[in-house]
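A.B. asks: One structure follows; several queries about it will come next.
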Amino acid sequence: MVKNFKLLILAIGTFVTVHAQDSTKPATVVDTVKVTAPANPATTFSGSLDLYYRYNFANPPAGVTNNFTSFTNSQNSFELGMATIRADHSWSKGGVTVELGFGRRAQEFSYNEAANPNLFSLTNIVQANVYYQISDRVKLTMGKWGTHIGYEVVDAAANRNYSMSYMFSYGPFYNTGLKADIAIAGKTAIMVGVSNPTDNTTTTDVRKMFIAQLSTATPDSKWKFFLNYQGGNIAPSDPSTSASLNQFDLVVTGALSDKFSLGFNGTDQMIKSKGPGYDSSGTFWGAAVYLNLDPSPVFGLTFRGEYFDTKDGIINTSVLPAGSYMEYTLTGQIHVGKLTIMPELRLDSYSSPTGGLYPDGVFQNHDSNPATSTFSGILAATYVF
């Protein structure tokens, strides 16, 4: 009897054990699937802050800064540049980027929106775009992004000089539209797209700009080359008037060693127009060289030399008087973790065209007399996270 009872207990235990193992199989399979299934990638956040103090050694009269380039239009004042927060999210073939910026730098970057109270909220959008990889070689992007033209960018932490060049300052700053990045072979690729008129996040203008870029690099990627273009019809709606804009831009970067690198930017914008009361035919062009020295991980030095010619006056002469400009900028980068301190010295000079309005110069001395050159110092800092 006891023996039979023991056998009964053993049989029940065996049945329960087998049943329990069988019942865990579906749960185990489900758990395994949950673990191995690709997770939805997390959204990543990053940001930056830049601030600066600028002093023009001419100590000009109140209200005069002796500055004709972007983002540093101040004198003897501590200034906040821009605080940014950026979110990036991607999935198997697509993704989205949103970067918000706050401060005068963001406001000047989106100047068309800043000038319209109804559009002021758009001033805070530095970039916002979505992309989709339709094949291994073709990616489509739609939205707002920093322009492909030029060497410098709006985010101060991404530049080696804190003050901006004339070529950057007179644009374009950004494009809003649709573009396709197409890999050709090796390190060679092209970009083609269509966008709103230059520096317009929103517009009722039916005219559009055509944009393009051809990029390539040496096999070791030590030298990179970018040929950029924008062009289109910029005439007003008056059918009796026609005007076209074409801009070609070249950027070259090279690493000569692990401590020394250089960059070059050259640009030429041409406007041709005809029609009653609308004559803006002319060109502006410029060239700049960037010499970068990094003797140690905690210290770097960049020299920028630039020539910018707008003698034809196609840029608004109330903003930038017609003539030719040269600037020489020496900037240090002291890296303390994610903080970079940037002491900078800059010399600007001006030459008036024949018969120009400012033969004695566009800068001002302390006594309000005109001058052909001016000297400034900046102490800036950037922080990225």
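Every number here is computed from the coordinates shown, using simple stated rules; none is lab data. If you're wondering where the values come from, they're calculated on a predicted model, not measured in any experiment. Counting neighbours? That spans all protein chains shown, and the Cβs are built from the backbone with ideal geometry, glycine included.
A.B. asks: Computed from the coordinates I sent, mean projected area of the Cα convex hull in nm² equals one of (1) 18.7; (2) 21.7; (3) 30.1. Tell me the label.
C.D. replies: (3)
A.B. asks: Could you tally the net charge around Thr329, taking each other residue with its Cβ under 14 Å from the Cβ of Thr329, Lys/Arg +1 and Asp/Glu -1?
C.D. replies: Result for the neighbourhood of Thr329: -1.
A.B. asks: Continuing with the same structure: Sorted from fewest to most neighbouring beta carbons within 10 Å, what does the list Thr283, Thr253 look like?
C.D. replies: Thr283, Thr253
A.B. asks: Find out how many positive minus negative residues lie around Ala371, taking Lys and Arg as positive, Asp and Glu as negative, among other residues whose Cβ is under 12 Å from that of Ala371.
C.D. replies: Computed value for this residue: -3.
A.B. asks: Once every DSSP H run of n ≥ 4 in the chain is given -39500 (n - 2.57) and the sum is divided by its residues, what mean residue ellipticity at 222 nm do you get, rounded to the nearest 500 deg cm²/dmol?
C.D. replies: -4000 deg cm²/dmol
A.B. asks: Taking the alpha carbon gyration tensor of region 111-222, what are the square roots of 5 times its eigenvalues, largest first, to the nearest whole Å?
C.D. replies: Listed largest to smallest, the semi-axes of region 111-222 are 26, 20, 12 Å.
A.B. asks: Can you tell me the 0 to 90 degree angle between the C-alpha axis of helix 2-36 and the longest principal axis of the chain, rounded to 10?
C.D. replies: Here the helix axis deviates by roughly 20 degrees.
A.B. asks: Let me ask another. Return the distance in nm (one decimal) between the two label points of a simple spin-label model at Ala287 and Lys208, each offset 7 Å from Cα along Cα→Cβ.
C.D. replies: Calculated label separation equals 3.5 nm.
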